[in-house]
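**Q** Here you go, one structure.
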Amino acid sequence: MNHSSSSAKGLSTAGLSMHYGNRQVLDTVDLPALQAGSVTALIGPNAAGKSTLLRGIAGLHKTSGQVLLDGTDLARLPQVERARHIVYLPQSLPERTRLCAFEAVLSAAMAGHRSLGFTPERPSPAVLQGVEQVLADLDLTALADRPIDALSGGQRQLVGLAQALVRQPKVLLLDEPTSALDLYHQCQVVEAIIHATRERQLITLVVVHDINLALGFSQQVVVLHNGRLAAAGPALEVIDPRLLRDVYGVDASLEHVRGRPLVMVDGRLPFHSALG
Ligand SMILES: Nc1ncnc2c1ncn2[C@@H]1O[C@H](COP(=O)(O)OP(=O)(O)OP(=O)(O)O)[C@@H](O)[C@H]1O
Ligand SMILES: [Mg+2]
């Protein structure tokens with residue numbers, strides 16, 4: 001039987017399983033098709049398999065089952081081409097290097113060109129402009145000449161996001177992109193993710209731990225629990241007290257504050273809900 005293509009638009013998985021050694025970490029995950037222009041939050045407890053799922057979609061780890069993008073089984077593409085369509089920003093911060101922020105983002109943009117078999121000696125004005133634009137979008141212009149080594153953890157996280165966006169992928173996989181950010185920068189990065197997703201018609205899948213952040217900014221939510229898909233769908237349909245009890249073991253309620261749904265625990269915001 002040929003499972004290599006289907007007509008569905010968007011990014012989906014079918015029966016995706018992954019192992020570390022002989023330990024199964026993802027168990028036949030069927031991700032419904034995530035659409036261009038939409039942000040999906042990927043939530044679930046620690047060790048549920050969220051980072052592993054992103055790495056599997058990016059082709060950075062051996063999988064069984066399928067990852068489909070607009071009907072194409074990505075296993076059929078060379079990894080270089082897959083990496084052109086799908087950018088994965090890992091949970092750990094960008095490596096410390098001697099490059100300054102501008103050079104780090106430029107090298108990501110140039111790596112995108114090299115993956116097309118195109119190796120210009122110097123960047124074109126359009127590439128330089130793209131780098132400047134993404135730095136400006138993330139409020140990084142003033143830091144452009146600073147060595148990455150001399151940036152704070154949150155600033156390096158922003159540079160990592162700039163490196164991801166400048167490559168102009170179809171799919172953006174972000175692993176806890178706001179975890180090292182203060183309140184101002186969390187809001188700024190969330191705005192930048194929403195804006196880029198809409199403007200560039202990206203399929204964006206973002207791991208977040210803050211349920212209220214997931215409720216506030218994502219069109220839909222995917223929940224992983226013990227390596228299995230526990231739920232997927234519109235945020236307000238998926239996140240309810242029963243799910244929070246089953247998946248997190250927490251007695252929570254969903255309340256409306258100024259018309260906005262918020263998850264409360266013991267009548268209070270969970271302590272890391274920064275955007276309440
Ligand atoms: N390189 C590895 N080798 C072996 N086991 C691993 C490896 N990476 C992750 N695991 C295991 O796979 C499981 C899923 O890990 P994963 O990092 O995907 O979880 P996660 O949902 O991203 O968790 P967190 O919220 O803590 O980041 C965990 O039990 C973890 O210990
Ligand atoms: Mg993780």
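**Q** Just give me the residues in the range 204-220 being crowded, with 20+ Cβ neighbours inside 10 Å, assigned to a loop (DSSP other than H, G, I, E, B) and within 16 Å of ligand 2 (Cβ to nearest atom), in sequence order.
**A** Correct list: Val208, Asp210.
**Q** The conditions are (1) modelled with pLDDT under 95; (2) among the hydroxyl-bearing types (Ser, Thr, Tyr); (3) within 15 Å of the chain's Cα centre (by Cα), and Ser6 fails exactly one of them. Which is it?
**A** (3)
**Q** Given Ala192, Ala162, Ala180, Ala196, which one is of a type in the set (A, V, I, L, M, F, W, C), touching a helix residue (DSSP H, G or I) at 6+ places or on another chain (Cβ under 7 Å) and in a loop (DSSP other than H, G, I, E, B)? Explain how you work it out, then say what you get.
**A** Numbers: Ala192 fails: in a loop (DSSP other than H, G, I, E, B); Ala162 fails: in a loop (DSSP other than H, G, I, E, B); Ala196 fails: in a loop (DSSP other than H, G, I, E, B).
The match here is Ala180.
**Q** Would it be correct to say that Gln201 is crowded, with 16+ Cβ neighbours inside 10 Å, over 28 Å from Met18 (Cβ atoms) and in contact (Cβ under 8 Å) with a residue 12 or more places away in the chain? Working first, answer last.
**A** Details: crowded, with 16+ Cβ neighbours inside 10 Å: no; over 28 Å from Met18 (Cβ atoms): yes; in contact (Cβ under 8 Å) with a residue 12 or more places away in the chain: yes.
The answer is no for Gln201.
**Q** Further question on the same structure: Kindly list the number of the only condition in (1) touching a Lys or Arg at 6+ places or on another chain (Cβ under 8 Å); (2) within 16 Å of ligand 2 (Cβ to nearest atom); (3) not in a loop (DSSP other than H, G, I, E, B) that fails for Ala108.
**A** With (1) touching a Lys or Arg at 6+ places or on another chain (Cβ under 8 Å); (2) within 16 Å of ligand 2 (Cβ to nearest atom); (3) not in a loop (DSSP other than H, G, I, E, B) applied to Ala108, the lone miss is (2).
**Q** Given the criterion within 15 Å of the chain's Cα centre (by Cα) and over 27 Å from Val221 (Cβ atoms), identify the matching residue among Val127, Val171, Val189, Val166.
**A** On the way: Val127 fails: within 15 Å of the chain's Cα centre (by Cα); Val171 fails: over 27 Å from Val221 (Cβ atoms); Val189 fails: over 27 Å from Val221 (Cβ atoms).
Sole residue among the options that is within 15 Å of the chain's Cα centre (by Cα) and over 27 Å from Val221 (Cβ atoms): Val166.
**Q** Just the residues that are away from ligand 2 (no atom under 15 Å from the Cβ) and surrounded by fewer than 20 Cβ atoms within 10 Å (Cβ to Cβ), please, taken from the range 221-230. Step through it out loud before you land on a result.
**A** Taking the range 221-230 and keeping what is away from ligand 2 (no atom under 15 Å from the Cβ), we get 221, 228-230.
Correct list: Arg228, Ala230.
**Q** Does the range 241-257 include one or more residues that are small (Gly, Ala, Ser), away from ligand 2 (no atom under 16 Å from the Cβ) and within 19 Å of the chain's Cα centre (by Cα)?
**A** To start, the set of residues in the range 241-257 that are small (Gly, Ala, Ser) comprises 249, 252-253.
Of the ones still in play, those that are also away from ligand 2 (no atom under 16 Å from the Cβ) are 249, 252-253.
Imposing the further condition that a residue be within 19 Å of the chain's Cα centre (by Cα) reduces the set to none.
There is no residue in the range 241-257 that is small (Gly, Ala, Ser), away from ligand 2 (no atom under 16 Å from the Cβ) and within 19 Å of the chain's Cα centre (by Cα).
**Q** Against the condition at pLDDT 90 or above and hydroxyl-bearing (Ser, Thr, Tyr), how does Ser218 come out, does it pass?
**A** Here the answer is yes, as Ser218 does meet what is asked.
**Q** Say whether the condition of being modelled with pLDDT of 90 or more and assigned to a strand (DSSP E or B) is met by at least one residue in the range 238-250. Give the derivation first.
**A** Here is the first cut: in the range 238-250, the ones modelled with pLDDT of 90 or more are 238-250.
In the following step, the residues that additionally are assigned to a strand (DSSP E or B) were identified as none.
No, every residue in the range 238-250 fails to be modelled with pLDDT of 90 or more and assigned to a strand (DSSP E or B).
**Q** Tell me, yes or no, whether the range 143-160 has at least one residue that is under 21 Å from Tyr88 (Cβ atoms), among the aliphatic types (A, V, I, L, M), under 16 Å from the mean Cα position of the chain (by Cα) and crowded, with 17+ Cβ neighbours inside 10 Å.
**A** Within the range 143-160 (the criterion being under 21 Å from Tyr88 (Cβ atoms), among the aliphatic types (A, V, I, L, M), under 16 Å from the mean Cα position of the chain (by Cα) and crowded, with 17+ Cβ neighbours inside 10 Å), the answer is yes, since at least one residue qualifies.
**Q** Which of the residues that make up the range 43-80 are over 17 Å from Ser17 (Cβ atoms) and within 12 Å of ligand 1 (Cβ to nearest atom)? Walk me through it before giving the result.
**A** Restricting attention to the range 43-80, the residues satisfying the condition of being over 17 Å from Ser17 (Cβ atoms) are 43, 45-46, 69-72, 76-80.
Within the range 43-80, Ile43, Pro45, Asn46 qualify.
**Q** Another one. Hey, can you tell me all the residues within the range 7-56 that are over 23 Å from Gly216 (Cα atoms), of a type outside the set (Asp, Glu), away from ligand 2 (no atom under 16 Å from the Cβ) and assigned to a loop (DSSP other than H, G, I, E, B)?
**A** Ser7, Ala8, Lys9, Gly21, Asn22
The values are calculated or read from the model by the stated rules, or taken from the named source; none is laboratory data. Remember, it's a predicted structure, so these values are computed and weren't measured experimentally. Glycine gets a Cβ as well: all are built from the backbone with ideal geometry, and neighbour counts include every protein chain shown.
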